[in-house]
1. Enter the Cα centre distance for the pair region 53-86 and region 332-390, rounded to the nearest angstrom.
2. If amide hydrogens are placed 1.01 Å from N in the peptide plane, which non-local residues have theirs closer than 5 Å to the one on Phe186?
3. What are the principal axis extents of the Cα atoms in region 232-387, in Å, biggest first?
4. Please compute the net charge surrounding Leu26, taking Lys and Arg as +1 and Asp and Glu as -1 over other residues with Cβ under 11 Å from its Cβ.
5. With each pseudo-label sitting 7 Å past Cα toward Cβ, what's the Glu66-Val141 distance in nm, one decimal?
6. Rounded to the nearest 0.05, what FRET efficiency is calculated for Arg331 and Asn124 with R0 set to 25 Å and r the Cβ-Cβ distance?
7. How many nm is it between the label spots at Lys99 and Glu115, if each spot is 7 Å from the Cα in line with the beta carbon?
8. Output wanted: per-residue J couplings in Hz (rounded whole) for region 338-348, from phi through Karplus 6.51 cos²θ - 1.76 cosθ + 1.60, θ = phi - 60°, x for Gly and Pro.
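Please treat every number below as a calculation from the coordinates, not as lab data. The shown structure was predicted, so the numbers you read here are calculated from the model rather than taken from an experiment. Backbone-built Cβ (ideal geometry, glycine too); neighbour counts: all protein chains shown.
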Amino acid sequence: MFKKFKNIAVIGSQWGDEGKGKIVDLLSKDADYVVRFQGGDNAGHTVSINGVRVAFHSVPSGIIHENTINVLGNGVVLNPSRLLKEISYLKQHSLMRGKLRISERAHVITTHHIELDRRSPISNKIGTTGHGIGYAYVDKVGRRGIRVIDLLEQGKDEDIKRLEEYICDTSALLQEGLEENKKILFEGAQGTMLDIDFGTYPFVTSSTTTVGGLFSGAGVRVRDLFVLGVAKGYVTRVGNGPLPTELKDELGKLLRRRGNEFGATTGRPRRCGWLDLVALKYAASVNGLDGLALLKLDVLSGFEEVKVAVAYKVDDERIMRFPSSIKILERVNPEYKVFPGWGDIRGIDSYEALPKEVKDYIEFVEDFTKVKVILIGNGPNRKDIIYKPT
Ligand code: GDP
Ligand code: IMO
Ligand code: MG
């Protein structure tokens, strides 16, 4: 299905942790380059192979595939010592099979950034990962940051010297690749609702997580690009900030338990709620999504009814467009459409074989968002994916 598209962007369409790692793993076997273009080791992308889970933080999830060149683009922020630890873990487990390349223009996260992130009241209010991401970007934009090339030229930092074999001009590398008709897979981190411009500001991360970040964060003008949004059949959020469909009751706890919703980076419990189609439709429009991967539908198995938010109500007003105002977002009451639940769907390997209730649910998501669902997740493992015929 994807063979006809040269380049693909995998973009989180909710509040992060949608299952991007699993989708990148699936698609990277056909990719020449797998590229991270924003964020840093705040990301935690899980790939599950035969029950063995690996969480990637800085290294692109495509590294498991032998023929891939995995790029940390200029738009990422990089913690050299944590990256070295990740590389050594991957090598130890024979998972570093592809090549790694690091942009000399990427900015470096220092211990000072991490200290600031851990101590600052703003970080505490947002509930950041504490990895210094925001403060590294603050210094970058403030024109006092330090880039990989600068640190290398200073010649004093042992960690950056150990990474030297991977460092190059990745923008030039990718441009050459495009000239040779190579396929690039862009691995977005975080999600649309955490985007610095389009997310629930100030409860966001400090980078452009939406598709627009790709041009500046990788330094390439990609032409033939399929934008694939990743979403779960429900929503989760780690940290603070509005989550209109949050379930603060037993149902929310059940979703967390069944979906194993604990952060891959910090281990924090994720807040859980019903699928928010107002937010998903907004993500579809901001990113111009060409298709959706709708994952974790197995987690909803066994619920008597499954709800999806189709509008928000504030006072007497009915809102259909995701609001910019945090004050409004904190007061909205979702209006739900209720679907009958479904039984166990694990192990099903074709769209036709899915229960009618699941198909009705998926088709409603398509009609509402005006985006076709092309991949369906029914389990954590690599093989637990169903292609929906288009
Ligand atoms: P990412 O940050 O977007 O890569 O997502 P995370 O890895 O942080 O969280 C997604 C979690 O859901 C991981 O533990 C995946 O293994 C798991 N997962 C992905 N797809 C499915 C699915 O269809 N069903 C179930 N049960 N788990 C899934
Ligand atoms: P992946 O790529 C979910 C959240 C943090 C916090 C906010 C800002 O695995 O989907 P930061 O440390 O970035 O300054 O924190 O963003 N956050 C994520 N939530 N998934 C992620 O990444 C996240 N990366 C950051 O919890 O609320
Ligand atoms: Mg994650």
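1. Answer, in whole Å: 31.
2. Ile8, Ala9, Val10, Val35
3. 44, 34, 30
4. +2
5. 4.4
6. E between Arg331 and Asn124, to the nearest 0.05, is 0.60.
7. Each label point is offset 7 Å from its Cα along the Cβ direction, giving 3.9 nm.
8. Whole-Hz 3J(HN,Hα) from phi for region 338-348: 10, 10, x, x, 9, x, 5, 10, 5, x, 6.
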